[in-house]
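Any read-out appearing in this document is the output of simple, stated calculations on the displayed coordinates, not a laboratory observation. Computed from a predicted model, the values in this text were never measured in an experiment. Every residue, glycine among them, receives a Cβ derived from its backbone with ideal geometry; neighbour counts consider all protein chains shown.
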Amino acid sequence: MEIKVLYFGMIAEWKGGSEEKRMVDNTMHTQQLLDSIAMEIPGIKDINYVVALNRSMIEESMALVNGDEVSIFPPFAGG
């Protein structure tokens with residue numbers, strides 16, 4: 001199945017782009033996707049990034065379905 005991954009801030013810089021379409025297994029969950037991305041972007045392991053699935057923030061691994069949009073945000077700064 002195909003999903004869209006959006007990268008923001010320093011994560012987009014490390015990735016070398018702000019979005020991509022990925023073909024993933026039909027049984028993939030968000031944590032498996034994030035583990036795969038961490039292998040491509042080693043620096044992501046060292047920050048507390050935030051993940052959204054279809055524009056809703058998530059805190060636990062969720063099953064992915066065809067057409068999902070996963071967004072990965074760097075740590076937010078307050079002011």
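Computed from Cα atoms, the angle from the helix 30-40 axis to the main principal axis of the chain rounds to 60 degrees.
Given only helices, namely DSSP H runs of n ≥ 4 each adding -39500 (n - 2.57), what is the per-residue ellipticity at 222 nm of the chain, to the nearest 500 deg cm²/dmol?
-6500 deg cm²/dmol
Note on segment 2-73: antiparallel DSSP beta bridges, both residues inside, total approximately 75 percent of the bridges counted. For a straight C-alpha distance cut-off of 20 angstrom, the aspartates and glutamates reachable from residue 21 (same-chain residues fewer than eight places away being disregarded) are 2, 13, 35, 40, 68, 69.
Semi-axes of the equivalent ellipsoid of segment 2-73 are 18, 13, 12 Å, computed as sqrt(5λ) over the eigenvalues of the C-alpha gyration tensor in descending order.
Summary of the geometry: segment 45-66 and segment 1-35, compared by the centres of their Cα atoms, lie 10 Å apart. In a reduced charge model with +1 at each Lys and Arg Cβ and -1 at each Asp and Glu Cβ, segment 2-73 shows a dipole moment near 120 debye about its Cα centre. The packing ranking of peptides 38-48, 65-75, highest mean first, is 65-75, 38-48, where packing means the average number of other beta carbon atoms within 10 angstrom of each residue.
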